[in-house]
Every structure is written in C-alpha cells, then in structure tokens.
Amino acid sequence: MEKQTFVVRAPGKLSLLGEYAVLEQGVPAVGIAISKSIYCYIKESDKIIFSSRRISIAKVEYQYQDKKVNLISKVDNIDVLEFSKNAMEITLRYLEEIGVPLKKFEINILSDLSNQYGVKFGFGSSAAVTVSIVGGILYLHGFKINKDNQLTASYRKSINRPSYSSLNPFIAYSDPYSASQGNPYLQPSLSQAAGFSYTFKSFQVLSLNYLRATQVINAVVYQNDQTKVSTSINQNLGSQSSLSASSAGSFNIIKKWWNADASIEAAYNHVETEVQGNPYTSSRFAWSVNANQNFILPDNYKIQFSGDYSSRNIDGLFKVLPNYQLDLGGSKTLWNKSATISLKLRDIFNTSRFRSVLQYNNVNSTWQNQWESRRLTLSFTYKFGNLKIKTARDRKTGTGSEEGRM
C-alpha cells in the first residue's frame, strides 16, 4: 500500500536591511517572506532517503544511530548536504529525547527559489530548506502546527572578525606579573549554527541549538618560569562545539498578584585544539537557571525578586567555576500612576564574579575577576503631559461639505 505523502512549504525571504551585517553574531536584519517557496515532500519509508533536484541529489540514503545521522550512499560533493543532514539529525534527536517512536522517511525537496539549471535566486533557499525539513519530519510524527503550536527553525553561517585590540601587538601590563598582548596574525573565526524551537501558546516548550566553530579566537596564557610573568595572547584555537537545550515561559502562580518568568538551559560543550604545540581536549556538561518573581500588592506597591545560577562550564581554555546572583527590588506608583519611586538592591550577597581555572603545559592558575556588582539604586520618574490620547473630533467644515457633493 502506497504511503501518504505530506507537503510542507517554507517561503523564501527578501532582506530589506542588514543582509550582510546579520552574518555577524548578534546583529539584526529586516526581512519579509516572498511568494516563492521550498516544498518538502515527505512520506513514511523503510529507509531514510533524501532527494533534492535543486542540488542534483537523487535518493541519498542515511542512517540514524547513536543520535547521529550518518551518510551511507557515496556522494561526490558532500558539503551541499551538510545543512540538510543537520536539520534531520537535530529533529530526530529531539523526537527521541521526548520519547516519540521514530519513523523512517523519504524526503524530496522541490524549489521555486532557483531556475531550471539549479542557479539560486538568493532568497534564502538554504534556510527555507532547513525549515521545511524540520516541519516535515515533525508533521510525519504527529505534530500539527497551528496558532497555538508554533515551530521555528534556523540555520546560520557567520564570520567573527578579530577586534582591533586583539590585533594590537603591543604589550600592556596590569601588574608586574600579568600582561596582555594582541596578535596581528589572528584569522577570523568561522561558525555554523542550526536550531529549532517549539512554542505552545507563547510558552517556549523546547529550543534546541547546535553550534560548531573553527579557528575560535581565545586567550592563551604563556608563563615565563624565570620571570614569573604571565602573558595573555589571543590565538586561533582548533574547534569548539556546543549542543544546548532550553525552555522558558511566564506563569501566573496566583492570579492578579503573583507572576513569574523562568528559564532553564542545559548544554554540552567540547573544545579540541593544539596549545603551544601540545594537543588539548576539554568537555563539560553545564546548566543554568534564571527566575524572576513579581508580587503585586495593595496600594500600588510592587516587589520583585530575581536570581540566576550558572554551573561549571568551559569557555575556550578556561574552566569556568559556578556563579550566582540574587536581586531584590520594590516600587510604588503615585498620583494616579503619574509618578513611580523605585528601590533596588542588585547582587544582595555580593557573589557575582568570574572565576576560572587554567591548566595546560606549565600553566596552572586560578583567575577571579570581580567588580562592583552590589549596588543600591533609588529612582524617581514622573510622566508629564496628558497620558490619555484623545481621538480627533468629527468636525464639519464648509470645504468638507463641498467635497462630498457631486
């Protein structure tokens, strides 16, 4: 019996602003969807098969095992399949982790975003393919996307260029035994990231993200055993990868007077490189949590209590130690909500700091960076003018009456 085929459409995009700036990490862009689209035809099968006319790939076979999608068929240009493979892998891994029985499938990608010779028009076809594959696999496994159930997917390549201070070769001493120096031979860091998230009624149930970066720019400490001077020099490390999962949302614990925002994230980070001629590998599972509690009291009083915690982690060569912070604040509105007086104490126990350990070759040191994080702030704000915008009156004039006549 022929299996039913489902079709998932993902529109292309046109970048209005920031088409190249968005390649830099954290830089936004403005885009709109267009009528041309990518179509993912998917049906259940006894094997994982992928075809795409837009890149001249026909019936390539994959195998999913040990949370990895592995290519079985022989393909000359394997690079063109990388983002499709990542989209399938992260979606199947998500389904497996939430306990959904996995199905094998056959995918065929068709496109309006390229001509008959496979030349792309430049309307974000790679991102649209990623979205359509993720949506197709989820739909095949029973996920129905509607206004209450929303799915987003993304794929990004970026270049992170070194800053001027990282390239400056002059030595700067912070004390007689600590110095920093730029590296004029630094190369840009290259990264690829893929992710998708599932949201139910504005609650982010799950967000999965995978990042792999090469030539990562990171500080490497060189220690002179004779002078005891440690010099920090930025260098390009080998590779760094991260797989993370997070969930976040807002809750009305007690209606009208107690609500909260909370988020939790777990990640597995891995670094593999060469340091001063010797191989170096480090891996770490890390997690963090953030919560914000709001209490609405009588007589226009509000109390806010927030805190965050980050576990042990790795950042390049640094083995980062745990860190946490608690904040407390209160406010009151006055004079028919025209004025607000607020009092806030940040980092109540003065615990926010960066602590880390460096251990490689002849370097064995502990770092602690601390700042004035505990602050008491008193503020007063007042809104001038009329807070209510009145609608324009419907005035009748002589010219207006004349304009309405035939």
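The values are calculated or read from the model by the stated rules, or taken from the named source; none is laboratory data. Keep in mind it's a predicted model, so treat the numbers as computed, not measured. Heads up, the Cβs are rebuilt from the backbone with ideal geometry, glycines too, and the neighbour counts pull from every protein chain shown.
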Confirm whether D315 is of a type in the set (D, E) and closer than 25 Å to S242 by Cα. yes
Entirely in segment 216-293, the strands (runs of 3 or more DSSP E) that have 2 or more residues that are farther than 22 Å from A179 by Cβ: 239-254, 258-275
Please find, among G142, G118, G124, G136, the residue that is modelled with pLDDT of 85 or more, on the phi > 0 side of the Ramachandran plot and not polar (S, T, N, Q). G142
Going by the conditions given, is A179 at pLDDT 85 or above, outside any loop (DSSP other than H, G, I, E, B), surrounded by 13 or more Cβ atoms within 10 Å (Cβ to Cβ) and in contact with a Phe, Trp or Tyr (Cβ under 8 Å, 6 or more places away or on another chain)? yes
Could you look through segment 1-29, keep only residues that are β-branched (V, I, T) and at pLDDT below 85, and pick out the one that is surrounded by the fewest Cβ atoms within 10 Å (Cβ to Cβ)? V27
Residue in segment 241-264 that is among the β-branched types (V, I, T), crowded, with 16+ Cβ neighbours inside 10 Å, under 19 Å from the mean Cα position of the chain (by Cα) and closer than 30 Å to L138 by Cα present: no
Of the residues K302, K396, K344, K332, which is modelled with pLDDT under 85 and more than 30 Å from V229 (Cβ to Cβ)? K396
When restricted to S232, S197, S207, the only residue in the same structural domain as R156 (by TED's automatic domain parsing) and over 29 Å from A248 (Cα atoms) is S232
Quick one: is S158 over 25 Å from N108 (Cβ atoms) and without any contact (Cβ under 8 Å) to a residue 60 or more places away in the chain? no
Of the candidates G136, G124, G142, the one satisfying the condition of being closer than 30 Å to F105 by Cα, surrounded by 14 or more Cβ atoms within 10 Å (Cβ to Cβ) and more than 22 Å from the chain's Cα centre (by Cα) is G136
Of the residues K344, K302, K337, K332, only one is surrounded by fewer than 17 Cβ atoms within 10 Å (Cβ to Cβ), basic (K, R) and not in a strand (DSSP E or B); which? K337
Enumeration of residues in segment 40-95 that are basic (K, R), over 28 Å from the mean Cα position of the chain (by Cα) and surrounded by 16 or more Cβ atoms within 10 Å (Cβ to Cβ): K43, R54
